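Report on one structure; see the data block that follows.
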Amino acid sequence: MANWNDPQPRSGFGASPSLGGRTGARTGYDAGLRSHMLSIYNYMASGVLLSGMVALLFASSGYAAQVLNTPLRWIIMLAPLGFVMAMSFGLHRMRTSTVQMLFWAFAVAMGLSLSSIFLAYTGASIATTFFATAAAFAGLSLVGYTTKKDLSGFGSFLIMGVIGILVATLINLFVQSTVMQLAISVLGVLIFAGLTAYDTQRLKQQYYQLAGTDFAGKAVVMGALSLYLDFINMFQFLLSFMGNRN
């Protein structure tokens with residue numbers, strides 16, 4: 001496998017005849033990278049679509065309103081976290097097909113959990129917020145894919161921001177402050193917007209280490225999971241102050 005950190009040969013009169021071979025290899029690498037990223041986006045988009053369909057069907061059936069008012073709501077709310085932990089901690093022991101199956105199961109579980117938004121917000125505001133999030137996600141992901149600036153330094157800061165939001169959310173469960181909730185929502189949108197660009201660049205760079213390995217298939221699914229979580233969290237935080245309640 002070629003080492004793309006090697007300096008490129010100089011062009012011009014008398015250039016090495018091996019340049020054509022290296023250029024061809026580079027072209028093949030770029031095609032492989034595009035295919036890898038496209039697979040990640042396909043999985044991610046399919047997962048979001050599956051979750052949306054499950055959420056809409058569960059809410060419109062009337063079962064969501066009944067189940068989410070019982071202790072079973074905690075199982076529905078925590079099930080997605082269970083799938084994420086299973087995929088993360090058991091990744092190296094699982095086959096690619098098992099990781100794929102868990103991703104689709106996660107998308108279904110997430111759809112059941114997201115059904116609550118159809119009970120709380122109007123369909124029009126959900127649709128408007130979804131398309132706004134999709135547009136923002138596409139732009140931010142494009143930035144992460146094309147920028148020459150190294151975003152790795154922002155990673156730790158953004159993860160700390162996520163932890164801070166979780167702590168603030170738990171505190172606000174007891175405080176019930178409208179101002180604090182608005183601040184959490186705004187910060188949540190900004191943090192997951194940053195994570196979208198950061199994760200896209202990280203997944204692109206990850207291809208250097210994984211191209212041609214047996215782990216590449218699992219990396220596609222886990223990459224899709226990362227971007228899925230960025231998208232859904234940005235959507236939920238944006239909906240909390242853009243959405244019109246029923």
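The values are calculated or read from the model by the stated rules, or taken from the named source; none is laboratory data. Values in this document were obtained by computation on a predicted structure and should not be read as measured data. Methodologically, a virtual Cβ is constructed for each residue, glycine included, from the backbone with ideal geometry; neighbour enumeration extends over all protein chains shown.
Residue pairs whose Cβ atoms lie under 9 Å apart, sitting 6 or more positions apart in sequence or on different chains, and linking a residue in region 181-196 that is closer than 10 Å to residue 241 by Cα to a partner that is surrounded by fewer than 21 Cβ atoms within 10 Å (Cβ to Cβ) and aromatic (Phe, Trp, Tyr), are 181/241; 182/241; 185/241; 186/241.
Here 79, 127 are screened, and the one residue that is exposed (fewer than 15 other Cβ atoms within 10 Å of the Cβ) and either at pLDDT 90 or above or over 15 Å from residue 221 (Cβ atoms) (or both) is 127. Within region 47-67, if we keep just the residues that are without any contact (Cβ under 8 Å) to a residue 12 or more places away in the chain and among the small types (Gly, Ala, Ser), the residue that is farthest from residue 208 (Cα to Cα) turns out to be 62. Annotation note: Cβ proximity below 7 Å between a residue of region 68-94 that is among the polar types (S, T, N, Q) and a residue that is modelled with pLDDT under 90 (sequence gap 6+ or interchain) occurs for no pair. The condition (being assigned to a helix (DSSP H, G or I) and either free of Cβ contacts under 8 Å to residues at least 12 places away in the same chain or more than 21 Å from the chain's Cα centre (by Cα) (or both)) is satisfied by just one residue among 109, 136, 132, 124: 124.
Residues of region 139-153 that are hydroxyl-bearing (Ser, Thr, Tyr) and assigned to a loop (DSSP other than H, G, I, E, B): 147 alone. So which pairs qualify, if the first residue must be in region 232-246 and within 12 Å of residue 127 (Cα to Cα), the second must be among the aromatic types (Phe, Trp, Tyr) and surrounded by fewer than 18 Cβ atoms within 10 Å (Cβ to Cβ), the Cβ gap must be under 7 Å, and the two must be at least 6 apart or on different chains? Partner pairs satisfying both residue conditions: 235/130.
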